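The values are calculated or read from the model by the stated rules, or taken from the named source; none is laboratory data. Because the structure is a prediction, the values reported are computed rather than measured. Positions of Cβ are generated from backbone atoms using ideal geometry, with glycine treated the same way; all protein chains shown enter the neighbour counts.
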Amino acid sequence: MELVRLLKRMKKVSMPQFKVRTVQLFNEALKAEDKEPVYAAGGVNAYKPRLNNGKSIYFGDRGTGTLTIENNINQGAGGLYFEGNFTVSSENNATWQGAGVACR
């Protein structure tokens, strides 16, 4: 599975120490649709490996920060979750696609 760096830089005012992490994104190399047996239900479980590969990112320290998206990102079924006061922007009209953005 391909891991892609989502954030190149993130400035957090509330916590001067931060980590740059990688997250799994939409992977076009995976099957668009697949099935697996579900023995308890007597049928099959249909799912979409390509989309389901994307993982969510949670910024939950209730702090203040800036997220700058530098490249086009397809996060598949993954979403961005913020708890605090964050500003999200992009460089060069970069776009983000995913399950959604939630703020608390």
Problem - Test for Arg62: is it surrounded by fewer than 12 Cβ atoms within 10 Å (Cβ to Cβ) and modelled with pLDDT under 80 - result: yes
Every listed condition ((1) assigned to a strand (DSSP E or B); (2) at pLDDT below 90; (3) surrounded by 12 or more Cβ atoms within 10 Å (Cβ to Cβ)) holds for Glu36 save (3)
Those residues of region 94-104 which are in a strand (DSSP E or B) and modelled with pLDDT of 90 or more amount to Trp96, Gln97
**Prompt:** Given the structure, is Leu7 surrounded by 16 or more Cβ atoms within 10 Å (Cβ to Cβ), modelled with pLDDT under 70, at negative phi and not in a strand (DSSP E or B)?
**Reply:** yes
Considering only strands (runs of 3 or more DSSP E) wholly within region 41-93, the ones with at least 3 residues that are free of Cβ contacts under 8 Å to residues at least 24 places away in the same chain are 43-47, 85-90
